[in-house]
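Only one structure is covered here, and it is reproduced in the block below.
Read-outs: derived from the displayed coordinates by stated rules, not from any lab. In this text the structure is predicted, and so the values were computed from the model without any measurement. Because the Cβ atoms are built from the backbone with ideal geometry, glycine has one as well, and the counts that use them run over all protein chains shown.
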């Protein structure tokens, strides 16, 4: 059975990468307000994803206001696709096991 | 089997890919910018059309103070149109307003497809549309297209243009955007079928303004409502209960 990527598999980080996979970029406020996390918690999880090379952090200024945006990197998208495939494998195997029990 | 739930962590997800789908749906239907643009466009169109009508009437009847007031309003409205049509001025102000409207929920960016249409095609499309607009206005002034048929005739090029625009902007916009050309075409068909959808003077200019801006605004509002549904569904899927600082590890 394929192992699940533990960096992505963590529930909060899974939600972060799933959000980012639906768009090109999402800013800090959007991810924060959608997940309802604290700022420190979100930053901690994004930091792990960034160190794994899955998320890119873009810092800019909107006038004088700092702006932070996140995007999935190409390796991040590939890792997520592998994660979905692994999940499907597990579900398929689980379905077969359930049918055998019956 | 649920592999995505851990203790006091976030609620289980049936299919986490729903998060991605609802995020994209939300991003595609953030249409307040379109609604604001249409409202401003309608206000400016009214500010040109009505004072023009009453100004001409005032001039003919010798009411010069009213004439000058009307002329002043028209000049201001035209200046407003010019201001808004320049991206560095008006476009920037509209962008700031839209950013403020969405400030509470944050921002997402969804680009158009990586497979861009050839530049020549886009240029031809825009030029063709512009040419058709000019031609229909000229033919209308010359009386070669009866005013009653201006809108149905315009549907021949407005509908394909709006459809092409939506398809070119995919996936940055959703298929709901096709509601605008659909309503515009339906309006034309109803007019041809004899349904009384015309406005009496001095509101005759609404015969074109309502289909163009009214249906655009309606489409924008429906898309905005759908984006609220998408955001609600997304937050239901992704809301994380209050957690201590640092991460919650998932243990096997």
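Here is how the numbers come out for the structure above:
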item	result
Enclosed volume per residue, in Å³, of the convex hull spanned by Cα atoms of region B:163-213	74 Å³
Value in Å of the Kirkwood radius, where region B:117-193 supplies the Cα pairs that are averaged	13.5 Å
Cα-based Rg of chain A normalised by 2.2 N^0.38 Å, two decimals	1.29
Inter-label distance for residue B:178 and residue A:90, nm, one decimal - labels placed 7 Å from Cα along Cα-to-Cβ	3.8 nm
D_trans [Stokes-Einstein, Kirkwood Rh over alpha-carbon pairs] for region B:93-149, 25 °C, 0.890 mPa s, µm² s⁻¹	158 µm²/s
Globularity ratio of region B:142-234, using Cα Rg and 2.2 N^0.38 Å	1.25
Pairwise FRET efficiency - residue B:96 versus residue B:232, Cβ, R0 = 30 Å, nearest 0.05	0.65
Potential extension, residue B:81-residue B:137 segment - 0.36 nm per residue separation minus Cα distance	18.3 nm
Rg/Rh ratio calculated on Cα atoms of the protein assembly as shown (Kirkwood radius)	1.10
Residues residue A:65 and residue B:60, FRET efficiency given R0 of 51 Å [Cβ-Cβ distance, rounded to 0.05]	0.40
Computed over chain B, the ratio Rg/Rh where both radii use C-alpha atoms and Rh is Kirkwood	1.10
Length added when fully stretched, residue B:144-residue B:203, from 0.36 nm per residue minus Cα-Cα	19.1 nm
Over the protein assembly as shown: helical MRE at 222 nm, DSSP H runs n ≥ 4 each giving -39500 (n - 2.57), nearest 500	-21000 deg cm²/dmol
Coarse-grained scattering of region B:49-102 at q = 0.17, 0.18, 0.31 Å⁻¹, given as base-10 log I(q)/I(0) from a Debye sum over alpha-carbon atoms	-0.61, -0.64, -1.04
